[in-house]
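Dropping the structure in here first, questions after.
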Amino acid sequence: MLIKAKVGRQEWTSAAGVRSREARTAVQPSDTFPVGGQLRTMLAVSIFKLADEGLLTLDDAVTTYLPGSVAAGSPLTTRQLLGITAALPDVSPAQADALLGRVVEQLRGSPLEAVLRADILTPLDLGATQLLAPGSTVPDDLVHGYIQEGGETVDVTFPSAPPGVAPGGLVSSIGDISAFQDALLRGRLLAPASLIAMKGTVFAEYGLGLDHWDDRCTNGSYYGHAGDVPGYGSVALSSADGNRQLAIFVAYPPQPLMTQPSALSLEMTGVAQVALNSGCRFQFR
């Protein structure tokens with residue numbers, strides 16, 4: 001488990017556990033984790049950069065940019081893919097992310113990993129973050145995750161994912177994800193209008209690539225995202241001004257594969273929100 005909290009200029013980081021059941025090396029605060037749905041926010045940044053450059057319109061059908069990617073005549077738009085995918089028939093969050101990634105690759109003419117590096121990772125010096133794909137070098141500090149399969153404990157860490165577990169995906173450190181959210185919410189990555197659009201309306205439960213939680217310190221919202229993939233859970237929240245942040249990465253106790261988000265993931269988001277709200281009186285600068 002990794003936890004990082006920030007209030008103003010004060011930061012606290014904690015690490016507990018081991019990187020793998022075999023090596024038993026102690027987890028370090030800088031170690032990397034598969035962070036699942038955290039990718040959605042980075043995809044949104046790249047999509048909005050394309051829109052700011054006039055290369056994409058959010059309300060155009062996805063087939064405008066990816067002919068044949070969905071059923072002919074489908075009205076599915078990029079804006080819908082960035083929103084709450086539960087409201088879309090036959091489109092899971094993973095499928096939405098895959099389509100968004102293909103749109104980015106098509107319009108940039110480069111692999112998604114290279115685009116994310118140019119749009120986000122290099123400008124912010126996020127050296128621990130990468131998009132793993134077949135042929136990628138696995139970081140030595142990647143924390144292993146496990147599931148229960150057929151009564152046995154199975155390692156799902158890239159590239160050894162068993163059938164039913166999608167290999168690869170975004171891996172990052174708790175420091176990188178916190179720095180990314182801070183830069184995004186302070187306006188260092190997007191034009192003001194695009195950041196406002198990402199956040200969504202005041203009473204929305206979800207914006208475009210950004211989730212919302214109640215910030216009782218300001219009567220506003222925390223912004224961020226949760227990530228839930230087999231073996232791992234993550235959540236990262238930040239106040240609207242980036243002054244207060246909390247991120248939690250967890251390698252789950254081994255459990256069978258599930259089609260719904262892990263109950264632990266839901267508990268993590270609740271704990272993170274309560275923890276941030278309990279610190280309203282701490283306004284260090």
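Comparing ARG24, ARG79, ARG108, which has the greatest mean-square fluctuation in the GNM of the chain with Cα pairs linked when under 10 Å apart?
Of the options given, ARG24 has the highest mean-square fluctuation.
In addition: Under a 1.4 Å probe, what is the accessible area of the chain per residue, stated in Å²?
47
Something else now. Any idea what the relative contact order of the chain is, in percent, if you count C-alpha pairs under 8 Å spaced at least 6 apart?
Reported relative contact order: 25 percent.
Report the charge-dipole magnitude of the chain in Debye, nearest 20, computed about the Cα centre from +1 at each Lys and Arg Cβ and -1 at each Asp and Glu Cβ.
Magnitude of the dipole: close to 740 debye.
Whenever you get a sec, compute what percent of the accessible area on region 206-284 sits on carbon and sulfur atoms (1.4 Å probe).
In region 206-284, the share of accessible area belonging to carbon and sulfur is 59 percent.
How big is the Cα convex hull of region 5-61 in projection, averaged over all directions, in nm²?
Averaged projected hull area, Cα only: 7.4 nm².
Okay, helix-only estimate at 222 nm for the chain: each DSSP H run of n ≥ 4 adds -39500 (n - 2.57), divide by all residues, round to 500 deg cm²/dmol; what do you get?
-8000 deg cm²/dmol
When N counts the residues of the chain, how does its alpha-carbon radius of gyration compare numerically with 2.2 N^0.38 Å, as a ratio?
That works out to 0.98 for the chain.
Additional query: Given H placed on each backbone N at 1.01 Å, which residues far from GLU149 in sequence or on other chains put an amide H within less than 5 Å of it?
VAL154
Check each of the GluC sites (Glu not before Pro) in region 9-56 and keep only those in coil by DSSP with at most 15 other C-beta atoms within 10 angstrom; list them in order.
GLU22, GLU53
A further question follows. Which residue, LEU124, VAL103, GLN80, has the largest displacement toward the positive end of the dipole of the chain when charges sit on each Cβ (Lys, Arg +1; Asp, Glu -1)?
LEU124
The values are calculated or read from the model by the stated rules, or taken from the named source; none is laboratory data. Note that this is a predicted model, so its numbers are computed, not measured. Heads up, the Cβs are rebuilt from the backbone with ideal geometry, glycines too, and the neighbour counts pull from every protein chain shown. Just so you know, the surface numbers come from the protein's heavy atoms only, side chains and all, with ligands and any DNA or RNA stripped out. Shrake-Rupley method; radii C 1.70, N 1.55, O 1.52, S 1.80 Å.
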